[in-house]
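Colleague: Sharing a structure below in structure tokens format, with a few things to ask.
The values are calculated or read from the model by the stated rules, or taken from the named source; none is laboratory data. What you are looking at is a predicted structure, and each value in this text was computed from that prediction instead of being measured. Because the Cβ atoms are built from the backbone with ideal geometry, glycine has one as well, and the counts that use them run over all protein chains shown. Just so you know, the surface numbers come from the protein's heavy atoms only, side chains and all, with ligands and any DNA or RNA stripped out. Shrake-Rupley method; radii C 1.70, N 1.55, O 1.52, S 1.80 Å.
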Amino acid sequence: MNIIPWESEFPISRYLSEKAGSMGVPISGTFELTSRCNFNCKMCYVHEQKNKEDLKARELSVSQWMDIAEEAKSQGLLFLLLTGGEAMIREDFLELYRELSVMGFRVSINTNGSLLSEEALECFRKYPPGRINVSLYGASEDTYEDLCEVRAMGRVKKAIHELRQTGIPVRTTMMLTAYNCKDMEAVYQFAKEEDTMIGLSSYIFPPVRLDGQSCGSNRGRLSAGDAGRYMVQREKLMLSADEFNRHARWALDENKPVPVAQGGEDGLGDPVLCMAGRGSFWITWDGKLRPCGLVTEPEADVLTDGFTAAWEKIRQMTGQIHLPIECKTCKDKELCRVCAAMCQSETGKFDQRPDYVCRMVEAMKAEYAFQLTDAQL
């Protein structure tokens, strides 16, 4: 699942995204600047704690990232997300950010918010980012210590407040785990008070990039049942009562039509349905170009091949991927929104059904039914 930080907010961006995907133009990209982080979150899929100095030495330099950006721009790159690890842990982060901003990209940033400095705020005032996505992992220092092994809640909330005071668009995000799910409503209320966008999710990908195994260690991941229930409770927080009830009735409708995918072949599952490898890409901290940051393949070496050739390889290989055949005619496919990254990280294969996700959806439906019944009492 390649998360594109801008397409849900602007109709023109959705149009450009769809057009680029149909033409194979890499309009959206992610630069994963580092795997290092000052947190040690139990559910992280990229942060590596061992051999930190070796990891730092292997990171791409500012000049290497700029060379990649120049070539990607020539191929159509417009929307750029900077992420990590924790991107701001790099001493040269602001230098790279300024250079990329001057190039004309709409730059967004993923951050845990704990390293925001006055120098960074001043830089963002002068070169405004499209948006900064700040992870708020809990509503107390104890929650942060349990999940992230650091007491940083105060610093993160302060960073969100300062960014909003500066006029920068902020999205407060929260991944729900067994360690912080009790704080969901408090985090949501804080985001409302600070007038930020809000993103809550109870589905966490297995950390296949770290341990090489599908359904890996998953420290902190909720059970499929709990993940489904929290997904529905999230919707109840974010929607009006009428909107929630309509959505719940739709989810439980056994006769709802099955969406037909574009480009499917007889006897095969749906092709990749998102922008990954079609109009968007992800480059890892050590220079591997992939369709999405949550998969381990296909990949091409952007340092060896150059961006243009690496993108063409990924685009061609992505075109060969098909999702599970069972998912093609499933009446709940719009509810689960299964993707290639889910399948590979859960099962090791793109065309194998991710049972965890199926169980999560069944739990969602049971919770919708409970909520509708409760509303009628």
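Colleague: In the Gaussian network model of the chain, springs joining C-alpha atoms below 10 Å, which of G24, G228, G293 carries the largest mean-square fluctuation?
Modeller: G24
Colleague: While we're on this one: Given the convex hull of the Cα atoms of region 153-305, what is a quarter of its surface area in nm²?
Modeller: 13.8
Colleague: Still on this structure, please answer the following. Using each residue's phi in region 299-305, evaluate 6.51 cos²θ - 1.76 cosθ + 1.60 at θ = phi - 60° and report the 3J(HN,Hα) Karplus result to the nearest Hz, with x for Gly and Pro.
Modeller: 8, 9, 8, 6, 6, 7, 8
Colleague: About its Cα centre, what dipole magnitude does the chain give when the only charges are +1 on Lys and Arg Cβ and -1 on Asp and Glu Cβ, stated in debye to the nearest 20?
Modeller: The dipole of the chain has a size of about 400 debye.
Colleague: May I ask you to give the percent of accessible area on region 66-190 that is carbon plus sulfur, with a probe radius of 1.4 Å?
Modeller: 46
Colleague: If you don't mind, another one. Past the 31 Å Cα-Cα mark, which pairs from K192/K349; K56/K313; K73/K328; K157/K333?
Modeller: From K192/K349; K56/K313; K73/K328; K157/K333, over 31 Å: K192/K349; K73/K328; K157/K333.
Colleague: Taking the Cα centre of the chain as the origin and placing charges on Cβ (Lys, Arg +1; Asp, Glu -1), which of W250, S74, L335 is farthest toward the positive end of the dipole?
Modeller: W250
Colleague: So who's got an amide H within less than 5 Å of the one on N38, skipping anything under 5 residues away but keeping other chains? H placed 1.01 Å off N, in plane.
Modeller: Distant-sequence amide H within range of N38: E86.
Colleague: Once Lys and Arg get +1 and Asp and Glu get -1 on their Cβ, which of L33, V62, M23 lies farthest toward the positive end of the dipole of region 16-83?
Modeller: Final value for the positive-end residue is L33.
Colleague: Okay, next question. Applying the Karplus parametrisation 6.51 cos²θ - 1.76 cosθ + 1.60 with θ = phi - 60° to the phi angles of region 322-327, what ³J(HN,Hα) value in whole Hz is obtained for each residue in order, glycine and proline being reported as x?
Modeller: With the stated coefficients, region 322-327 comes to 10, 7, x, 4, 5, 6 Hz.
Colleague: Between H47 and residues 5 or more places away or on another chain, which pairs have amide H atoms under 5 Å apart, with H built 1.01 Å from N, and which residues are they?
Modeller: Answer set, sorted by chain and number: G85.
Colleague: Given 4 °C and 1.567 mPa s, how large is the Stokes-Einstein diffusion coefficient of the chain in µm²/s, with Rh as the Kirkwood radius over Cα pairs?
Modeller: It diffuses with D of about 60 µm²/s by this estimate.
Colleague: Under 5 Å between amide H atoms, partner at least 5 residues away or on a different chain: which partners does L81 have, H built in plane at 1.01 Å?
Modeller: Those qualifying (amide H under 5 Å, at least 5 residues apart or on another chain) are G29, T30, F31, S108.
Colleague: Mind listing which GluC sites (Glu not before Pro) in region 86-180 are in a DSSP loop and have 10 or fewer other Cβ atoms within 10 Å?
Modeller: Listed in order of number, the matching sites are E91.
Colleague: Sum -39500 (n - 2.57) across every DSSP H segment of at least 4 residues in the chain, then divide by the residue count to get the 222 nm mean residue ellipticity, nearest 500.
Modeller: -13000 deg cm²/dmol
Colleague: Let me have the relative contact order for the chain, percent, based on Cα pairs under 8 Å that are six or more residues apart.
Modeller: 19
Colleague: Find which of L273, F307, Y230 sits farthest along the positive direction of the dipole of region 229-308, computed with +1 on the beta-carbon of Lys and Arg, -1 on that of Asp and Glu, about the Cα centre.
Modeller: Among L273, F307, Y230, the one farthest towards the positive end of the dipole of region 229-308 is Y230.
Colleague: Only bridges whose two residues both fall in the chain count here: according to DSSP, what percent of them are antiparallel, nearest 5?
Modeller: Counting only bridges with both partners in the chain, antiparallel ones make up about 15 percent.
Colleague: Still on this model: Would you mind getting the accessible area per residue of region 110-174, heavy atoms of the protein chains only, 1.4 Å probe, in Å²?
Modeller: For region 110-174, the solvent-accessible area averages 41 Å² per residue.
Colleague: Taking Cα centroids, how far is region 280-352 from region 220-269 in Å?
Modeller: Centre-to-centre (Cα) distance: 22 Å.
Colleague: Using a Gaussian network model on the chain with a 10 Å cutoff between Cα atoms, which of Y144, Y127, Y45 fluctuates the most?
Modeller: Sorting by GNM fluctuation, first place goes to Y127.
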